[in-house]
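Contents: one structure, followed by commentary.
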Amino acid sequence: TTAFGAFVGLLPDRDAGIVILTNATNVGLPDAIGAWIADRLLGNPERDYAAERLEGARKQAETEHAAFAPPADAGPAPDLAPLAGAWENPTFGTATLAPGADGFSLTIDATGARLPLAAWDGYVFTLGLAREGAFAGIASNLGEDPIGFAEFQVDAAGRRNLLNLTMAEDGATFLFTRKAP
């Protein structure tokens, strides 16, 4: 789950269970602590799981950061004003695309989560999570990199009435359809 970490390990032969819960993005620390405890219970040799997980987290962060670098031949961002208004998705419900002080954002109406858009390549934008309201802590834990991409796509009628969000963390996609103005 975004901005939380967990490790659950069961050792039935030892009548033991290990549960580690954190309220920060999981970059491997709960796993390292859980594996270390399991090793102590099993009598395994010592191993620096924290260092291993930290190195893995650094490499993962570098890979994710590089994914958001715009292509060398990136096209200019279009004017999003004609696309402002209501959008809907079966999972999130309705959302509003509107301009603000920091550019255009998609705000999920049910939760108030504001997702700022930043130009990337033509009709493709990076997607952030604003550090405000109920999402301030989560957004802070996620760091500075975007959380995914937002691409305005053309529907079967040739109108730019589709907005596809792709999350960086797991590749999940959410297709929004523009509601008639």
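We did not get these values from a lab; they are worked out from the coordinates using the rules stated. Everything numeric here is computed off the predicted structure, so don't read it as measured data. Cβ: placed from backbone, ideal geometry, glycine included. Neighbour counts: every protein chain shown.
Odds and ends about this structure:
- Value of Rg to Rh for the chain, rounded to two decimals, is 1.10; Kirkwood radius and Rg both from alpha-carbon coordinates.
- Each Lys or Arg adds one and each Asp or Glu subtracts one; over the other residues with Cβ under 12 Å from the Cβ of residue 108, this totals -1.
- Hydrodynamic radius (Kirkwood) for segment 35-98, which is based on Cα pairs only, to one decimal in Å: 17.1
- Spin-label pair residue 60-residue 118: with each label point 7 Å from Cα along the Cα-Cβ axis, the two points sit 2.1 nm from one another.
- Helix 49-67 and the longest principal axis of the C-alpha atoms of the chain enclose an angle of approximately 10°.
- Euclidean distance between Cα centres, segment 1-80 to segment 90-145, Å: 25
- Burial order of peptide ranges 17-23, 49-55 (average beta-carbon count within 10 Å, highest first): 49-55, 17-23
- For segment 3-59, radius of gyration divided by Kirkwood radius, i.e. Rg to Rh on alpha-carbons: 1.00
- As computed over segment 86-153, the Cα convex hull volume per residue (Å³): 93
- Total formal charge among the other residues, if their Cβ is under 12 angstrom from that of residue 142, Lys/Arg +1 and Asp/Glu -1: -3
- Here the Debye sum runs over all C-alpha atoms of segment 128-174 as equal scatterers in vacuum, and log10 of I(q)/I(0) at q = 0.20, 0.30 Å⁻¹ comes out as -0.72, -1.03.
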